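The values are calculated or read from the model by the stated rules, or taken from the named source; none is laboratory data. Values in this document were obtained by computation on a predicted structure and should not be read as measured data. All Cβ positions, glycine included, derive from the backbone under ideal geometry; neighbour counts span all protein chains shown. These area figures cover heavy atoms from the full protein model, side chains too; ligands, DNA and RNA do not enter into them. Shrake-Rupley method; radii C 1.70, N 1.55, O 1.52, S 1.80 Å.
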Amino acid sequence: MNLKFMDEDVIYTNIEFLLDRKCFSVVSSDGMRLECGKDLQLDDEYNPDDYCMELFHTNTLNRENDIFRIFDKQTGVSLGWMFPVQALVSDHHAYAENIFFLKYAYVATYLLLDRISETDKKSSREFLDLTDFYPEDTILLVMCKSNCNTIARFSIWDYVADLYLYGYSFTADQIGAAKDVSVAKKIYLRRISEDVKDKIFIIEIFKSLLVQTGFLPLAKFHMLYQIIELLIGDIFSYEFIDLNQKIRQDTNNLFDLKNDLLEIAGEKYRVNKLFHKYAPISGSLKEELKDVCNEILRESGKMEKKNAEESLYSVRCLMFHEYGSIPAASRSILDDMNLIFEKVVIELLIAFHFPKPISC
C-alpha cells in the first residue's frame, strides 16, 4: 500500500481493520486515517497471509451476484471463492450476510488495498472506494494457500483454458465477446493435462493472444490451430520414440518401419490420432465441429468429410492455402466455427494423455 492524492501531502502506507465498525481504513505514517467505504460487515477471522489472489476481467459473469465457490475438478479440493469487485462495495446481493463469503471479502479487501500503489492521480474523497482503483469488471479469485498446496505441483495457470471457457480474461483491455455461460454457484475447474508439453505458449494463447484475435476470425482460427499443432507435435515425438525402440529391437524389418515413420510424419494421420487415441472427447461436440466445418467446405465448393478430424483438417488446408475461395458472404460462418473450435481445443487440452509414459 502506497497512496498519495494529488490534493494532499499525506502518504497512506498502512492498512488497519476497525473492529468496532467492521471495515478497513488506510493510515499514514503520521496517523492520518482514511476510512474505506462500508457496505459489508466484514469478518476478520482469516489471515490474509494465508491466501493469494488473481485478478480477472469479464463481460459475462460480472454482476455483483455472480459469486462462486471454486473447486478443483479432479480432486474436489476447494480452492476458494470468485466474485466481482462490485460484491465488496454493495450489500444488495445474495451473499451479503453469508458468513463464509464475509471472511473471504475481508481477505480480498485487504489484498486489494495492499496492491494499491498510486501517486498524484486522483483527488481525495471522504471515503476510499475500491472501484476508484479497480475497474468495475474486475473479478477476484481468492484462494486458500493450504488447500491449493494439497494439489501436487499446483499452478493457477493449469486452469487457464477452463477459465477462458467461462469467459474470464486476464487483461482489462482485452475482454473478448460475451460468452453464453450458465453456471451453478459452484465452479469445478479442470486442469490442462500433465502430458501437454509446451504449457508456457498455451498459457500465453489463453491469457492474451486469443482475446486479441477475437474479432479477427481468420487470425483466431490460426491461433487455435497452433494448439492442435503443438499436440500433434507431441504425438509425433511420442510415436517416434516408440518407433525408435522397435528399430533397435528388429533391424531386419526396417523397410516396413520406414513406412511407419512416413505415416506418423503426416499431419492428417496425427490429427486423426489426436481425436481417437490421445484425446477422446464428447461425440456431440465433435459432431458440431464436423457440421460447421462441412458447411464452410460446402460453401467453398469443397467435398464434405465424414468426421470431425477430417473436416477440421480440410478447413485448415482451406484457411491456410485457399482462403480466397471462401465466398465473402459465407465468411461469417468462421465466427460460428471458432466458437465451437475453441471449445473443442479446450476439451482436447484437458483430455490429452499418452497411453504410457515416454521412455527413451
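The mean accessible area for residues of the range 241-326, using a 1.4 Å probe and ignoring ligands and nucleic acids, is 55 Å² per residue.
Going by the alpha-carbon gyration tensor, a ≥ b ≥ c the square roots of its eigenvalues, is the range 316-359 rounded (a/c under 1.5) or, if a/c is not under 1.5, prolate (a/b greater than b/c) versus oblate? Oblate, because a/c is 1.5 or more while a/b does not exceed b/c.
Placing a label point 7 Å from the Cα of Ser90 along the Cα-to-Cβ line, the residues of the range 58-79 whose backbone N sits under 13 Å from it are 61-67. Listed by chain and number, the aspartates and glutamates placed with their C-alpha closer than 19 angstrom to that of Lys38 are Glu16, Asp20, Glu64, Asp91, Glu97, Asp114, Glu126, Asp129, Asp132, Glu136; residues fewer than eight positions away on the same chain are left out. Orientation-averaged projection of the range 200-292 equals 7.7 nm² [convex hull of Cα atoms, one quarter of hull surface area]. Considering only Ile67, Trp81, Leu230, and ranking their Cα positions along the charge dipole of the chain that arises from unit charges at the beta-carbon of Lys, Arg, Asp and Glu, the one farthest toward the positive end is Leu230.
Please find, in a Gaussian network model of the chain (springs between Cα atoms separated by less than 10 Å), the residue of His57, His93, His321 whose mean-square fluctuation is greatest. Evaluated over the chain, the most mobile residue of the options is His321. For the residue pairs Lys207/Lys290; Lys122/Lys199; Lys145/Lys207; Lys207/Lys286, the C-alpha atoms sit more than 29 angstrom apart in Lys122/Lys199.
Listed by chain and number, the lysines placed with their C-alpha closer than 26 angstrom to that of Lys246 are Lys197, Lys258, Lys268, Lys273, Lys277, Lys356; residues fewer than eight positions away on the same chain are left out. Per-residue ellipticity at 222 nm computed for the chain from its helices equals -12000 deg cm²/dmol, with DSSP H segments shorter than 4 residues left out and the rest contributing -39,500 (n - 2.57).
Taken per residue, the accessible surface of the range 34-90 reaches 38 Å², heavy atoms only and a 1.4 Å probe. Once the chain from Ser78 to Asp129 is taken as fully extended at 0.36 nm per residue, the excess over their C-alpha distance is 15.4 nm. Average accessible surface for the range 119-170: 44 Å² per residue, computed with a 1.4 Å probe over protein heavy atoms with every protein chain in place.
For the set Glu45, Glu229, the ranking by accessible area, highest first and with no ligand, DNA or RNA atoms included, is Glu45, Glu229 under a 1.4 Å probe.
Of the residues Ile326, Phe127, Ile264, the one whose Cα sits farthest towards the positive end of the charge dipole of the chain is Ile264 (charges of +1 on Lys and Arg Cβ, -1 on Asp and Glu Cβ, taken about the Cα centre). As a rough guide to protection, the peptides 153-159, 100-106 ranked by mean Cβ packing within 10 Å, highest first, stand as 100-106, 153-159.
Take 160-169, 266-275, 194-203 and order them by the average number of nearby Cβ atoms within 10 Å per residue, most first; the result is 160-169, 266-275, 194-203.
Averaging the sequence gap over all C-alpha pairs within less than 8 Å and six or more residues apart, then dividing by the number of residues, gives the chain a relative contact order of 16 percent. What FRET efficiency do you get for Lys258 and Asp195 if R0 is 22 Å and r is their Cβ-Cβ distance, rounded to the nearest 0.05? Result of the calculation: an efficiency of 0.20. Working from label points 7 Å from Cα in the Cα-to-Cβ sense, the Glu204 to Lys22 distance is 4.8 nm. Counting only protein heavy atoms and using a 1.4 Å probe, the accessible area of Met223 comes to about 40 Å².
Computed over protein heavy atoms with a 1.4 Å probe, the carbon and sulfur contribution to the accessible area of the chain reaches 48%. Extension gain, His321-Asp9: 0.36 nm per intervening residue step, less the Cα-Cα distance, totals 106.1 nm. Evaluated with a Cβ-only charge set (Lys, Arg +1; Asp, Glu -1), the chain carries a dipole of roughly 1360 debye about its Cα centre, given to the nearest 20. Straightening the chain between Ala152 and Gln212 buys 18.4 nm, computed as 0.36 nm per residue apart minus the Cα-Cα spacing.
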